[in-house]
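The values are calculated or read from the model by the stated rules, or taken from the named source; none is laboratory data. Just so you know, these numbers come straight off a predicted model, no measurement behind them. Using ideal geometry, Cβ is built from the backbone for each residue, glycine included, and neighbour counts are taken over all protein chains shown.
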Amino acid sequence: MSNEASDLKYKRVLLKISGEALMGGRDFGLDPETISRVAAEVKEARDKGTEICLVIGGGNIFRGISGAAQGMERTTADYMGMLATVMNALAMQGALEELGVYTRVMSAIPMQTVCEPYIRRRAVRHMEKGRVVIFAAGTGNPFFTTDTAAALRASEMDCDAMIKGTKVDGVYDSDPVKNPDAKRYETLSYRRVLTDDLKVMDASAITLSRDNQIPILVFSIHKQGEFARVMQGDGTFTVVEGD
Ligand code: UDP
């Protein structure tokens, strides 16, 4: 760990990345080049001393709600969605280890021959030892999302912030891709996100973060070096905190 650790604004964080963020230009699945790029971002921040855990979605492979819409039982579809997040977690573990970063995948659905089961105290220990912990299989329960899993694990790990890596550098009042005049918020309250239905994370994730007073930072995962900058309180992002 470098002596730059003392410059860190956020010492221990949970980074949430949606499955789509790993698709690159594809319509489905995983893009190895994109995964490697995201892994390099994680490594840079880790090398500067931030303790990092990750939650990766599964929407690039399977979403329970879309399976249910096609007539599948909702709970079955949700379990399939959770298994999809395990695949993404393993892909990210591979990419991080390729870069020499020590990692552990911990699954909320035990599958001992593939990865460790999730045990909170053990996860904390891994993080203290500087390993990047990747939480897989969401909360392990149907009817939840990986956003909620991220808020839950960030609370359990006593993280200083939950970081949401997206395609854009924060939360805007309208879609910045479609509207060049869209305005980016610097800060937002949890209440405002909920009442204005701003697309930060789903409502249960916002509520859980508010209850545990964990700030949510939204930034662009595709801007090189940005994750490490955000950890030092620099860079461009929107922060959800306060009331
Ligand atoms: N899922 C679930 N319980 C959880 C987390 C996820 O049932 O605790 C299922 C749910 O079907 C969800 C899918 O896994 O649609 C993939 O997760 P998500 O949609 O959150 O992925 P993302 O949008 O972040 O890629």
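Can you give me the ranges of the helices (runs of 4 or more DSSP H) entirely in segment 113-202 with at least 2 residues that are hydroxyl-bearing (Ser, Thr, Tyr)?
Passing ranges, in order: 146-156, 190-195.
Quick test for you: out of 146, 139, pick the one residue that is modelled with pLDDT of 95 or more, within 13 Å of the ligand (Cβ to nearest atom), β-branched (Val, Ile, Thr) and crowded, with 23+ Cβ neighbours inside 10 Å.
Of the residues listed, the single one that is modelled with pLDDT of 95 or more, within 13 Å of the ligand (Cβ to nearest atom), β-branched (Val, Ile, Thr) and crowded, with 23+ Cβ neighbours inside 10 Å is 146.
Give the residues of segment 61-72 that are assigned to a loop (DSSP other than H, G, I, E, B) and either within 6 Å of the ligand (Cβ to nearest atom) or hydrophobic (A, V, I, L, M, F, W, C) (or both), sorted by residue number.
Within segment 61-72, 61, 62, 63, 72 qualify.
For residue 53, only one of the following conditions fails: (1) under 16 Å from residue 12 (Cβ atoms); (2) of a type outside the set (A, V, I, L, M); (3) surrounded by fewer than 24 Cβ atoms within 10 Å (Cβ to Cβ). What is its number?
Answer for residue 53: the failing condition is (3).
May I ask you to list the residues in segment 46-60 that are in a loop (DSSP other than H, G, I, E, B), more than 8 Å from the ligand (Cβ to nearest atom) and not polar (S, T, N, Q)?
48, 49
Would segment 60-71 turn up any residue that is under 28 Å from residue 235 (Cβ atoms), among the charged types (D, E, K, R) and either without any contact (Cβ under 8 Å) to a residue 60 or more places away in the chain or in contact with a helix residue (DSSP H, G or I) (Cβ under 7 Å, 6 or more places away or on another chain) (or both)?
no
Would you be able to tell me the number of residues in segment 15-30 that are touching a helix residue (DSSP H, G or I) at 6+ places or on another chain (Cβ under 9 Å), within 13 Å of the ligand (Cβ to nearest atom) and not in a helix (DSSP H, G or I)?
7
Mind counting the residues in segment 203-243 that are out of contact with any Gly (no Cβ under 8 Å at 6 or more places or on another chain) and not in a loop (DSSP other than H, G, I, E, B)?
16
Working only within segment 218-238, note down all residues that are without any contact (Cβ under 8 Å) to a residue 60 or more places away in the chain and in contact with a strand residue (DSSP E or B) (Cβ under 6 Å, 6 or more places away or on another chain).
218
Would you check if there is a residue in segment 186-204 being modelled with pLDDT of 95 or more, buried (at least 23 other Cβ atoms within 10 Å of the Cβ) and either over 30 Å from residue 107 (Cα atoms) or of a type in the set (D, E, K, R) (or both)?
Looking through segment 186-204, none of the residues is modelled with pLDDT of 95 or more, buried (at least 23 other Cβ atoms within 10 Å of the Cβ) and either over 30 Å from residue 107 (Cα atoms) or of a type in the set (D, E, K, R) (or both).
If you check residue 105 against the conditions, is it in contact with a helix residue (DSSP H, G or I) (Cβ under 7 Å, 6 or more places away or on another chain), outside any loop (DSSP other than H, G, I, E, B), among the hydrophobic types (A, V, I, L, M, F, W, C) and touching a residue at least 24 places away in the same chain (Cβ under 8 Å)?
Spelling it out, residue 105 is indeed in contact with a helix residue (DSSP H, G or I) (Cβ under 7 Å, 6 or more places away or on another chain), outside any loop (DSSP other than H, G, I, E, B), among the hydrophobic types (A, V, I, L, M, F, W, C) and touching a residue at least 24 places away in the same chain (Cβ under 8 Å).
Going through 111, 82 one at a time, which residue ends up being in contact (Cβ under 8 Å) with a residue 12 or more places away in the chain, under 23 Å from residue 143 (Cα atoms), away from the ligand (no atom under 14 Å from the Cβ) and of a type in the set (A, V, I, L, M)?
111
Which pairs have Cβ atoms under 7 Å, sit 6 or more apart or on different chains, and link a residue in segment 35-54 that is at positive phi to one that is part of a helix (DSSP H, G or I)?
49/4; 49/5
With respect to the numbered conditions (1) within 10 Å of the ligand (Cβ to nearest atom); (2) surrounded by fewer than 21 Cβ atoms within 10 Å (Cβ to Cβ); (3) not in a loop (DSSP other than H, G, I, E, B), which one is the sole condition not fulfilled by residue 43?
With respect to (1) within 10 Å of the ligand (Cβ to nearest atom); (2) surrounded by fewer than 21 Cβ atoms within 10 Å (Cβ to Cβ); (3) not in a loop (DSSP other than H, G, I, E, B), residue 43 is out only on (1).
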